[in-house]
Amino acid sequence: MEDRLREVVRHIGPSTLAKNTTISDRRRWQTVATDFRTKTRVEDLAALLAIYPEYELYIIHGETDLARGQISPGVTEADVRLAGDGAGSR
């Protein structure tokens, strides 16, 4: 779970997280993203999920559910639209 949290932090970016979450210290987010010697905190997870709930299933269980808007860093907006609209071949 910690590795997936770090992956999402790297994907969103420490500066963006510092601007949009209750943890406004960019250096803390940078540490979460890159310093594997430092443990992530419950507060880090809670702050990220409060603003980006679409990553909850991925961070906690390593799964995605496009139909419910639960994505991972590897999922593109096109993937979400395809799953939600029933688009594709019929």
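Derivation of every value follows stated rules applied to the coordinates shown; laboratory data play no part. Bear in mind that the values here come from a model prediction, so they are computed numbers and not experimental data. Cβ: placed from backbone, ideal geometry, glycine included. Neighbour counts: every protein chain shown.
Brief remarks follow.
- Cβ-Cβ under 9 Å pairs, at least 6 apart or on other chains, the range 51-66 side at negative phi and in a helix (DSSP H, G or I), far side β-branched (V, I, T) and exposed (fewer than 15 other Cβ atoms within 10 Å of the Cβ): I51/T22
- When the range 24-35 is filtered for residues that are under 18 Å from M1 (Cβ atoms), surrounded by 12 or more Cβ atoms within 10 Å (Cβ to Cβ) and not hydroxyl-bearing (S, T, Y), the ones remaining, listed by number, are W29, V32, A33.
- Residues that are touching a Lys or Arg at 6+ places or on another chain (Cβ under 7 Å) and within 14 Å of A50 (Cα to Cα), drawn from the range 1-31: A18
- Scanning the range 37-50 for residues that are loosely packed, with under 12 Cβ neighbours inside 10 Å and touching a residue at least 24 places away in the same chain (Cβ under 8 Å) yields K39, A50.
- Matching residues in the range 1-30 - criterion: being under 13 Å from the mean Cα position of the chain (by Cα), free of Cβ contacts under 8 Å to residues at least 24 places away in the same chain and in a helix (DSSP H, G or I): D3, P14, T16, W29
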